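Each remark here refers to the structure printed beneath this line.
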Amino acid sequence: MRTEADKIQNFIDGQFIEPVGGKYLDNIEPATGKSYSQVADSDSRDVDLAVVAAEKAFVDWSCTPAAERSKILLRIADLIERDLEKFARAESIDTGKPLSLARTLDIPRAVANFRFFATAILHTESEAHITDNVAFNYTTRQPRGIAGLISPWNLPLYLLSWKIAPAIAVGNIAIAKPSELTPVTAYMLCEIAQEAGLPNGVLNVVHGTGPNVGAAITAHPKINTISFTGGTVTGRKVAEACAPLFKKVSLELGGKNPNIVFADADLEAAIAGSVRSSFANQGQICLCGSRVFVERSAYKDFVDRFTEKASKLKVGDPLDEKTEQGAIVNKTQLDKIKFYVDLAQEEGGKIALGGKAPKPINDRCRYGYFFPPTIITDLPVSCRTNREEIFGPVITITPFDNEEEVIGYANDTDYGLASSVWTQNLNRAHRVAEQIHTGTVWVNCWLVRDLRVPFGGMKASGVGREGGEEALRFFTEAKNICIAK
Ligand code: TXE
């Protein structure tokens, strides 16, 4: 299996092929800042080829029995699991995340995505409605056709498989575009799909930039379903491109998630959970709790202990087994993080931890993109640092005096993706969770995942829900057949 130092080609109609324009982009390893492979720099001509293959493949795949589709998806899951270590290493090199995180989170969750949807399609219920003495209605759910699946760089295989698995499980064809920054695991997935016996053309992957490939996918009249995960600004462009063509669209966008700690919480658990939710994957998870609010009576104790714990996170070479904080995905993102740390200080914030790029990690990583866990206090709630998504290991901590106040703080953002509440008071947990405007509220936990629950954001964090039944419905078209009695 090729994972490094190679040309990452497109996968269309079951074949690895050169992009029509013959161009490639450098694929940079974040930990070293050096190019280590080349990725196809495709354009609309490659998307056109994928659509031709997709139309052809749809004829048979949409009629393939669910049990047969299920078997192939289960095989894909088994094969990723067989190669888990290779996938984890490839993803660590490609993204800069610690190998241990890729091994325990991203890749196992990608396996789980395929297994879940492979079996979910075997257990769906059909709906029928009797209309008095007048008619009998039954609803069919048919695959929609060709789905354009566009994903970001932070959890490449996990997020792409979260889209590919339900789309093809219900009989659609997938045209996927991974982020041009992290293309390797999508490439490896295509090899696995071939080995698993997925018919040619059912999964097509077109690599390249957003403006060249992503925009061609959203503009293509024959791709009628778009599932997008990425930044809010890009999400708006996707929505604008899709609206005139009446495409069905799901948008999973950014977040500025509140993490609320009440004084009655189990502080030990809240601190451990908050260190994770603040800094996992160097804070580059849309669900990270980047705004921490702590009830004033526990504030000092929390800040001291939280800072102490975060200071012990080992920033290092992502491939080192002991590393807990790897590299930032690229220089642009690193510069963005530095910009916000400067801005926070201009806005009156105090740096309680971090704030400056570390000394070179080791010789291999001398030119890598590293930034340490950074904690900022003393900022007003409504400042830019507290409102705009940074997407890095930088969080703010703010005290609050009562429930009403902190609910106001939590909701004082354009985003509404996820939140956490730490308290041992059950009534309070329910009360506060009800009033926070986010698609997910975790109580005394973070990132716990049940694939059956609806997942998605409110406000600028997106439109639509993924996961379980929601995904099966998103990727199918309901039709009602009404028969007169
Ligand atoms: O994301 P983009 P970027 C946030 C984070 C980050 C910001 C921008 O704050 O700093 O988004 O990061 C493709 N039409 N998140 O620039 O551009 C692109 O090639 C169609 C949050 O990497 O949104 C990639 O495949 N597609 C997020 C995908 O969209 C387009 C995770 C996402 O890239 C396109 C990552 C276009 N016009 C970043 N332009 C999360 N919520 O998980 C780009 N793309």
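Key figures
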quantity: For residue 205: the one exception among (1) more than 22 Å from residue 387 (Cβ to Cβ); (2) surrounded by fewer than 19 Cβ atoms within 10 Å (Cβ to Cβ); (3) in the same structural domain as residue 177 (by TED's automatic domain parsing); (4) touching a residue at least 60 places away in the same chain (Cβ under 8 Å); calculated: (2)
quantity: Filtered residues of the stretch 425-474 (kept if more than 17 Å from the chain's Cα centre (by Cα) and closer than 21 Å to residue 119 by Cα); calculated: 469, 472, 473, 474
quantity: Residue satisfying all of: in the stretch 163-194; among the β-branched types (Val, Ile, Thr) and more than 26 Å from residue 334 (Cβ to Cβ); nearest to the ligand (Cβ to nearest atom) among these; calculated: 175
quantity: Answer residue from the stretch 235-252, given it is of a type outside the set (A, V, I, L, M, F, W, C) and outside any helix (DSSP H, G or I) and is farthest from the ligand (Cβ to nearest atom) among those; calculated: 248
quantity: The one condition in (1) closer than 18 Å to residue 280 by Cβ; (2) crowded, with 17+ Cβ neighbours inside 10 Å that residue 448 fails to fulfil; calculated: (2)
quantity: Test result for residue 113, more than 16 Å from the ligand (Cβ to nearest atom) and in the same structural domain as residue 195 (by TED's automatic domain parsing); calculated: no
quantity: Residue list for the stretch 32-54, restricted to those being over 17 Å from residue 205 (Cβ atoms) and not basic (Lys, Arg); calculated: 32, 33, 35, 36
quantity: Subset of the stretch 217-231 that is near the ligand (Cβ under 7 Å from one of its atoms) and β-branched (Val, Ile, Thr) - its residue that is nearest to residue 157 (Cα to Cα); calculated: 229
quantity: Any helices (runs of 4 or more DSSP H) falling wholly within the stretch 296-397 and containing at least 2 residues that are in contact with a Lys or Arg (Cβ under 7 Å, 6 or more places away or on another chain) and among the β-branched types (Val, Ile, Thr); calculated: none
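The values are calculated or read from the model by the stated rules, or taken from the named source; none is laboratory data. Predicted model, so just to flag it, every value in this text is computed and none were measured. Note that each Cβ is placed from the backbone with ideal geometry, even for glycine, and that neighbours are counted across all protein chains shown.
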